[in-house]
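A quick write-up on the structure given underneath.
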């Protein structure tokens, strides 16, 4: 135990001398988590609360065209700019000038064709009701010219599908309204009362969207709960910059060779580095989580909600830190120079973060990328954190993830042992 304590003191002194490494390990994650959370929170605000600016070119002169514009504005997803009757070319220029994300052209004779289609549908319904001639033998309803929708290329595909669905709903509402009016007039020979029209067209059934969790809580996940765990993992694995270089320096200086002449074991040195840098990873997590709890609300970001099972959070953080330290030592053992350790370590961490779901969500991956994610330790670490933060999971719910992380850590330590043997360092 005395040998281990002395070795830990030595590693702490070496760590404190590495000012650049300390700055990268502690300062970089703080800046990264604030910047990324701010950007993603702004994106969430844009999608969830802000309306998409829409420029409308109404080439129709009738009531249906104006009603369509009103229905689009009432959806809640769009902010309709001043409608114009210019052509499509001027509409696209107007989109650029007004920073509109969408442009819609309502075709000529839109009202005329909507009325014709409504009359056709009403006639078929009346014929069927009166038991007259076969309603299916009537003339086919006229086709309504499609809307021309122009969009800014930066608009995401998922959002474009939402826009398309919303516009289809608005079109359906216009056609249904005109069909009801025609049917009512043909039956009663008078205009449909406005209150009755609203009652028949309004959706009285509501849809409630509620998040589910294992602990029964219904807290809505926010940008902080997504980003704080993800970039905490990234920070932990970034200890490779300092720890990998430390291992390389000891190899070059002959530290492992000298251990052979002393009555001690190389495992003391490995365990010493693991303990020292494991404390560093726990400190990183404590700093970033504290920022999420207390600093984020001050700077206008959503606060980080700590899960109810604090023990599960600590265990996941501890196991994640041990895996990160094991990876850093493995990189240091196989790197020949300090530059190789820093270069390969930093690049490999970014690659593991990409395929592990830190930069691109795992559920959005397909094929080979989704398979490769299972080989990234960051993937299992992130899934464990997500279960705790987003689903309210307990320690027993993340045992599968912890087992995967521990397995990867043991494999890394075995590879480290093989590398030390191959280089005759032990």
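The values are calculated or read from the model by the stated rules, or taken from the named source; none is laboratory data. Everything quoted here is computed from the prediction, not taken from an experiment. Ideal geometry is used to build each Cβ from the backbone, glycine not excepted, and the neighbour counts take in all protein chains shown.
For segment 374-393, does any single residue satisfy the condition of being loosely packed, with under 15 Cβ neighbours inside 10 Å and either touching a strand residue (DSSP E or B) at 6+ places or on another chain (Cβ under 9 Å) or at pLDDT below 90 (or both)? Checked segment 374-393: at least one residue is loosely packed, with under 15 Cβ neighbours inside 10 Å and either touching a strand residue (DSSP E or B) at 6+ places or on another chain (Cβ under 9 Å) or at pLDDT below 90 (or both).
When you scan segment 294-308, do you find a residue that is under 26 Å from residue 4 (Cβ atoms) and either part of a helix (DSSP H, G or I) or modelled with pLDDT of 90 or more (or both), even just one? Scanning segment 294-308 turns up no residue that is under 26 Å from residue 4 (Cβ atoms) and either part of a helix (DSSP H, G or I) or modelled with pLDDT of 90 or more (or both). Of the helices (runs of 4 or more DSSP H) lying entirely inside segment 345-426, those containing at least 1 residues that are in the same structural domain as residue 333 (by TED's automatic domain parsing) and within 18 Å of residue 240 (Cα to Cα) span 377-391, 399-422.
Among the candidates 68, 26, 32, the residue that is under 26 Å from residue 115 (Cα atoms), surrounded by 15 or more Cβ atoms within 10 Å (Cβ to Cβ) and modelled with pLDDT of 80 or more is uniquely 68. Close Cβ contacts (under 6 Å, 6 or more residues apart or on different chains) running from residues in segment 137-153 that are at pLDDT below 80 to residues that are assigned to a helix (DSSP H, G or I) and surrounded by 10 or more Cβ atoms within 10 Å (Cβ to Cβ) comprise 138/124; 141/117; 141/120; 142/113; 142/116; 142/117.
Residue pairs whose Cβ atoms lie under 7 Å apart, sitting 6 or more positions apart in sequence or on different chains, and linking a residue in segment 349-372 that is more than 21 Å from residue 158 (Cα to Cα) to a partner that is assigned to a loop (DSSP other than H, G, I, E, B) and at pLDDT 85 or above, are 349/238; 352/376; 355/376; 356/376. In segment 54-61, the count of residues that are more than 25 Å from the chain's Cα centre (by Cα), modelled with pLDDT of 80 or more and surrounded by fewer than 15 Cβ atoms within 10 Å (Cβ to Cβ) is one or more.
If you filter segment 180-207 down to residues that are loosely packed, with under 12 Cβ neighbours inside 10 Å and within 19 Å of residue 130 (Cα to Cα), you find that the one that is modelled with the highest pLDDT is 188.
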